[in-house]
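Single-structure report; data block below.
No value in this document is a laboratory result; all are computed from the given coordinates. Every value quoted in this text rests on a predicted model; they were computed, and no experiment measured them. Note that each Cβ is placed from the backbone with ideal geometry, even for glycine, and that neighbours are counted across all protein chains shown.
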Amino acid sequence: MRRRQNALSLLSLLAVPFLYLFGSAIFAGTTASAAAPSETRRVLILHSFGPRFKPWSAYAETIRSEINRQSRKPVDFVDHALVNARANDLQAESPFVEYLGALYAGHPPDLIIAFGGPAATFVQRHRQRLFPAVPMIVTAVDHRRVQYEKLTDNDAVVPVDNNVPAVFENILQVLPGTRLIAILIGASPIERFWAEELRRELAPLTKRVELKWYNELPFDDILKDAESLPPHSAIFSVLMNVDAAGVVQETGNALSKLVSHANAPIFTYDDAYFDGSIVGGPMFSMQEGSRIAASVATRILDGEKPGDIKTPPLKYAAAKFDWRQMQRWGISESNLPAGSSILFRPPSAWENYRWQIITAGAVVAFQGALIMLLLFEQRRRHLAEMDSRQRMMELAHVNRFSTAGELSASIAHEINQPLGAILANAETAQLILQSPSPDLAELKEIVGDIRRDDRRASEVVRRLRSFVTKAPFQTQKFDLNDLVSESVEFLSAHARSREITMRCELSRTPLPLIGDPIQLQQVVSNLVLNAMDAVRDAPRAQRAVTVRTSRHRRTAEIRVEDTGPGVPPELASKIFEPFFSTKDHGMGMGLSIARTIVKAHDGQIDVENNNGAVFRIRLPLIGKNGGASAVAGSVGQSGADSGK
Ligand code: ADP
């Protein structure tokens, strides 16, 4: 039995190297195809409390990914955490150092990175036993926690410079009414260090603000206290790794609980905590600190001597604030220090809808340009219309002269009659005066007749003058009945000379209009003269021209009817065109001018046949909602333009 056991142990002794060789062969075979193990750099990460304790965990995470990004060779990170940072248990240190030494005896790490004050103190205290030839970086640590005189050539420090009074000044600047600041800090050795340090640094501030220290309370009591802080209080969070009762809290965890309980705004010194529950201010930039530490690590891994790399302590970055917290605590933007940035502000309408706004703006601009173009075109058209109307008015004036010329014989006859009567009466008066006893009563009667005839002649001259006068388009209020009767009166001598019966039937109600009476008189005259031309060849007894006026609601109507052949239906639209005439010596402008004038008065003109031609003009009367005001406007405008 004993021999059998010896044989087995001999076999096992022989088998171990064989298995080892066999196993190594397999292992070498599998890794050779991936990355050569000698190529891989091993970085030992030493945490103060543990890999999940803020703010160091945030730094470690970012440095790890930065080194991975910057390093040309694969890097293997191995994490370890001090066991005695929670309580200053120095007895536990030595076995931990031995443990690390044993772990890496065969294959020491290429770099050690120690995070935070406790880790820094630990590695410095045991540097000679902790792979003295291996480069080391101490980071995420305040320069006050580093023993610079004990650094070896293989040590580099990437420190920070905590300036807590500046954070307190910031609190008092953004919330000037602050009367009390509660300081969240725990009771582990490093926290006790900082509590003492801060008491000393903040002593001058106690004249301006009351400070309340939480380092002697269990965390549950801290939460209760923070629930009912007096108005105008603020909280400054330093660390809460271990509370006064010895319970491990972890600052990140503690802060998220505190946020849901506290009735006051919370400030801190490191943006690793700036995640929505902190107001903000000057803080360390975790990104910046990690970037610097990672670049030092990469340089060392690339062969640079750690002792040659000097890094000045990182200071607080420019103040940054959380917009949501500012709203919550009523912090005005004007209270922020110069150069501050505000984060988490909801995007403005411009940021949210930039393309929509640009598109809408482009559409509006395009529309605006189109409108401008149209307005320009409209103005151009308007000016062209004005110009053409002006020409038409000048033509109308010429037309009136030609009409006056046409009427000259009858006008002369009209004037001659009273002049002849005046002469006869004057001769009779002379004879009476030659008698020895002149009949004064008869003389008086004769003088009266002379005066009446003179007025008659003057009236004919006045009408003629007003008819041929060249006045700009002038609007005024008048009664259409007066205008029509005056025109008929003016033309009646001409009608008599042509043996035409002229009738004038005026509406019983007045027809108040706003317009240019001279222009409208010309329209009526043109129509009446055309009517007289139309009845010229009719038997004498049938030669008749009738002018009527009537009122239809808010419209005045003039009808000029004759007993002529009427207008052939196919010519009904053409006769209003310029230069259309069926007469031997006609200019063809009368109706065209008439239509222009009527349109300028917002009226209409048309023709129909009813035992002869019937020309009908409709004009808007002055009324509440009638078109007269519009007429006044448009004609007034015309007048103004034509007067230029
Ligand atoms: P003109 O009198 O110089 O011919 P108008 O413009 O006044 O110019 O008239 C144009 C044409 O309209 C006339 O030549 C004629 O053919 C027709 N016209 C006008 N008034 C009448 C009417 N009362 N009866 C028939 N035709 C008419």
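Report the Cα-based extents of region 350-466 along its three principal axes, largest first, to the nearest Å.
Largest to smallest, the principal-axis extents are 116, 29, 12 Å.
If I fit a long axis through the Cα atoms of helix 116-125 and take the longest principal axis of the Cα atoms of the chain, what angle between them do I get, 0 to 90°, rounded to 10?
For helix 116-125, the angle is close to 30 degrees.
More than 19 Å apart: what percent of Cα pairs in region 423-533 qualify? Mind dumping the intermediate values first?
Details: 3718 of 6105 pairs.
Tail of the P(r) past 19 Å holds 61 percent of the pairs.
How high is the relative contact order of the chain, in percent, with contacts defined as C-alpha pairs under 8 Å that are six or more residues apart?
Working: 1003 pairs, mean separation 57.7, N = 644.
Dividing the mean separation by the residue count of the chain yields 9 percent.
Once the dipole of the chain is set up with Lys and Arg at +1 and Asp and Glu at -1 on Cβ about the Cα centre, which of Ala396, Ser65, Ser573 lies farthest towards its positive end?
Value: Ser65.
Taking region 244-353, which trypsin sites (Lys or Arg not before Pro) meet the DSSP loop condition and have no more than 14 other C-beta atoms within 10 Å? Show your work: numbers first, answer last.
On the way: sites: Lys257, Arg291, Arg299, Lys310, Lys315, Lys320, Arg324, Arg328; in loops: Lys310, Lys315.
Listed in order of number, the matching sites are Lys310, Lys315.
Against the longest alpha carbon principal axis of the chain, how many degrees, from 0 to 90 and to the nearest 10, is the axis of helix 440-468 turned?
Taking Cα atoms only, the helix is inclined about 40 degrees.
Using the Kirkwood radius over C-alpha pairs as Rh, can you work out the diffusion coefficient of region 464-523 via Stokes-Einstein at 20 °C, viscosity 1.002 mPa s, in µm² per second?
Details: Rh = 12.7 Å.
So the translational diffusion coefficient is about 169 µm²/s.
List the extent of the Cα atoms of region 76-202 along each of their three principal axes, largest first, rounded to whole Å.
Taking the Cα atoms of region 76-202, the three principal extents are 62, 29, 28 Å.
Greater than 24 Å separation of Cα atoms is the criterion. Which listed pairs, Lys150/Lys310; Lys212/Lys257; Lys477/Lys574; Lys224/Lys315, meet it?
Numbers: Lys150/Lys310 15 Å; Lys212/Lys257 19 Å; Lys477/Lys574 33 Å; Lys224/Lys315 34 Å.
Violating the 24 Å Cα-Cα cut-off are Lys477/Lys574; Lys224/Lys315.
Which angle between 0 and 90 degrees, to the nearest 10, do you get for helix 164-174 versus the longest principal axis of the chain when only C-alpha atoms count?
20
If Lys and Arg each add +1 and Asp and Glu each add -1, what is the summed charge of the other residues whose beta carbon sits under 14 Å from the beta carbon of Arg127?
Details: positive: Arg125, Arg129, Lys150; negative: Glu93, Glu149, Asp153, Asp155.
In short, -1.
Rank-order 575-581, 612-618 by packing density, defined as the average count of other C-beta atoms within 10 Å over each peptide's residues, highest first. Present the calculation step by step, with values, prior to reporting the outcome.
On the way: 575-581: 14.9, 612-618: 20.4.
Ranked by mean Cβ neighbours within 10 Å, highest first: 612-618, 575-581.
Taking the alpha-carbon centroid of each part, what is the distance from region 233-309 to region 200-221 in angstrom?
Centre-to-centre distance over Cα atoms comes out at 19 Å.
Not counting the cut sites, what is the longest span of the chain without GluC sites (Glu not before Pro) that DSSP labels loop and that have at most 16 other Cβ atoms within 10 Å?
Longest run free of exposed loop sites: 305-498.
Residue separation times 0.36 nm, minus the C-alpha to C-alpha distance between Asn84 and Ala441: what's the value?
Numbers: separation 357, 0.36 × 357 = 128.52 nm, distance 15.20 nm.
Stretched out fully, the Asn84 to Ala441 stretch lengthens by 113.3 nm.
Which of the trypsin sites (Lys or Arg not before Pro) found in region 102-152 are loop residues per DSSP with 13 or fewer other Cβ atoms within 10 Å of their Cβ? Let's see the in-between values first.
Details: sites: Arg125, Arg127, Arg129, Arg144, Arg145, Lys150; in loops: Arg127, Arg129.
Here the trypsin sites (Lys or Arg not before Pro) that fit, given the DSSP loop and packing criteria, are Arg129.
Taking the Kirkwood radius as the inverse of the mean 1/r across Cα pairs, report the Rg/Rh of region 524-588. Can you show the working numbers first?
On the way: Rg = 13.4 Å, Rh = 13.3 Å.
Taking Rg over the Kirkwood Rh, I get 1.01.
To the nearest 20 Debye, how big is the dipole of region 434-493 about its Cα centre, given +1 on the beta carbon of each Lys and Arg and -1 on that of each Asp and Glu? List each step's numbers first, then the result.
Details: 10 positive and 11 negative charges, 87 e Å.
The dipole of region 434-493 has a size of about 420 debye.
Can I get the semi-axes of region 195-287's equivalent ellipsoid? Compute them from the C-alpha gyration tensor as square roots of 5 times the eigenvalues, in angstrom, largest first. Show your work: numbers first, answer last.
Numbers: eigenvalues 66, 62, 45 Å².
Output for region 195-287: semi-axes of 18, 18, 15 Å.
Of His601, His494, His143, how do they rank once you tally other Cβ atoms within 10 Å and put the fewest first? Provide the component values of the computation, followed by the final result.
On the way: His601 27, His494 23, His143 14.
Listed from fewest to most nearby Cβ atoms, that is His143, His494, His601.
Counting just the Cα atoms, what span does region 485-560 cover along each of its three principal axes? Round to the nearest Å and put the largest first.
The Cα atoms of region 485-560 stretch 39, 22, 17 Å along their principal axes.
Please compute the net charge surrounding Pro51, taking Lys and Arg as +1 and Asp and Glu as -1 over other residues with Cβ under 13 Å from its Cβ.
Details: positive: Arg52, Lys54, Arg64; negative: Glu61, Asp79, Glu250.
Once all neighbours under 13 Å are counted, the net charge is 0.
Grab the other residues whose beta carbon is less than 12 angstrom from that of Ser256, score K and R as +1, D and E as -1, and report the net.
Working: positive: Lys54, Lys257; negative: Glu250, Asp275.
Counting the neighbours of Ser256, the net charge comes to 0.
Among Thr251, His232, Gln417, whose Cα projects farthest towards the positive end of the dipole of the chain, with charges put on the beta-carbon of Lys, Arg (+1) and Asp, Glu (-1)?
Thr251
As an exercise, identify the trypsin sites (Lys or Arg not before Pro) in region 459-518 lying in DSSP coil whose Cβ has no more than 12 other Cβ atoms within 10 Å. List each step's numbers first, then the result.
Details: sites: Arg462, Arg463, Arg465, Lys470, Lys477, Arg496, Arg498, Arg503, Arg508; in loops: Lys470, Arg498, Arg508.
In loop regions of region 459-518 (DSSP not H, G, I, E or B), the sparsely surrounded trypsin sites (Lys or Arg not before Pro) are Lys470, Arg508.
If you average 1/r over every pair of different alpha-carbon atoms in the chain and take one over that average, what Kirkwood value in Å do you get?
Across the chain, the inverse of the average 1/r is 36.3 Å.
Please work out the C-alpha center-to-center distance from region 557-609 to region 347-370 and express it in whole Å.
Spelled out, the Cα-based centre of one part sits 54 Å from the other.
Which whole-number percent gives the relative contact order of region 318-448, counting Cα pairs below 8 Å spaced six or more residues apart?
14
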